[in-house]
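Engineer: What follows is a structure written as structure tokens; I'll ask about it next.
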Amino acid sequence: MSISAIILSGGRATRMNGVDKGLVLLQSKSLIQHVIERLTRQVDEILINANRELAQYQALGYPVLQDEVEDFLGPLAGFSLGLQHAQHDYVLTVPCDSPLLPVDLAQRLMAALVENKAEIAVASSDGSTHPVFCLCKETVLPSLTAYLQQGERRVSTWQKSLQYIEVDFSDRNEAFTNLNTFEDLAVLEAALNNT
């Protein structure tokens with residue numbers, strides 16, 4: 001089954017002094033390049049949600065979609081764009097700041113989604129849910145549009161209003177490391193350099 005992916009890189013990165021997180025370097029490569037490398041073999045289409053530094057994102061060679069609403073909506077703005085513009089029936093969402101994301105993320109989410117006849121499958125590990133790592137059917141777009149029009153923004157609340165399944169990735173817990181600060185980045189860089 002064909003999958004479109006949207007990489008969420010439209011945030012404000014307030015804990016990184018407002019730099020564009022997807023373009024921050026890890027081992028001489030931007031975070032979003034790490035994410036793209038891990039996604040390429042998993043999906044049939046890659047889209048990028050970005051609101052700044054658009055030329056740099058476009059230079060990566062994938063469609064770049066900007067939030068349609070000026071008022072910052074958070075991750076769900078990217079979800080909405082992915083669902084609207086995807087060429088395929090399933091949409092995978094991932095953040096730009098998790099360079100170690102699982103190389104079998106799409107496969108495992110899809111297997112659980114199909115097996116459980118769910119509309120949306122969300123990754124979890126060690127008792128934590130990772131709502132921005134999810135696979136959903138394109139048919140959930142009307143419910144998301146209605147949710148956003150009500151002024152709602154919470155990702156997990158919307159997800160749990162659907163036929164919802166969590167998929168355990170506790171065997172890959174480190175894959176969901178997300179880099180919110182420059183300290184996080186330095187710690188991961190040091191760990192990777194020592195492996």
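Engineer: Please grab the % of Cα pairs in region 132-178 that end up more than 14 Å from each other.
Structural biologist: 58
Engineer: Turning to a different aspect of this structure: Which value, in Å², gives the accessible area per residue of region 42-131 when a 1.4 Å probe is used on the protein heavy atoms?
Structural biologist: 42
Engineer: Using the Kirkwood radius over Cα pairs, work out the Stokes-Einstein diffusion coefficient for region 111-195 at 10 °C and 1.306 mPa s, in µm²/s as a whole number.
Structural biologist: 108
Engineer: Two-decimal Rg/Rh of region 63-159 from alpha-carbon positions, Kirkwood Rh?
Structural biologist: Ratio of gyration radius to Kirkwood radius: 0.94.
Engineer: Could you state the orientation-averaged shadow area of the convex hull built on the Cα atoms of the chain, in nm² to one decimal?
Structural biologist: 10.6
Engineer: Before rounding to the nearest 500, sum -39500 (n - 2.57) across all DSSP H runs of length at least 4 in the chain and divide by the residue total; then give [θ] at 222 nm in deg cm²/dmol.
Structural biologist: About -9000 deg cm²/dmol.
Engineer: Within the chain, what's the longest stretch lacking GluC sites (Glu not before Pro) that sit in DSSP loops with no more than 14 other Cβ atoms inside 10 Å?
Structural biologist: 71-195
Engineer: Between Rg and the Kirkwood Rh of region 65-122, both from Cα atoms, what is the Rg to Rh ratio?
Structural biologist: Across region 65-122, the Cα-based Rg/Rh ratio is 1.00.
Engineer: Here is a further query. Could you please report the charge total around A86, scoring K, R as +1 and D, E as -1 over all other residues with beta-carbon less than 14 angstrom from its beta-carbon?
Structural biologist: With Lys, Arg at +1 and Asp, Glu at -1, the neighbours total -3.
Engineer: Using a 10 angstrom Cβ neighbour count of at most 11 plus a DSSP loop assignment to flag exposed trypsin sites (Lys or Arg not before Pro), which longest range of the chain is free of such sites?
Structural biologist: The longest such stretch corresponds to 118-195.
Engineer: When the distances between all Cα atoms of region 21-113 are binned every 5 Å from zero, what whole-number percent does each bin get?
Structural biologist: In whole percents, the pair-distance histogram is 2, 13, 23, 26, 22, 10, 4, 0.
The values are calculated or read from the model by the stated rules, or taken from the named source; none is laboratory data. The model shown is predicted, which means the values in this text are computed figures rather than measured ones. In this analysis, Cβ positions are derived from the backbone assuming ideal geometry, glycine residues included, and neighbour counts consider all displayed protein chains. Only protein heavy atoms, including side chains, enter the accessible area calculation; ligands, DNA and RNA are left aside. Shrake-Rupley method; radii C 1.70, N 1.55, O 1.52, S 1.80 Å.
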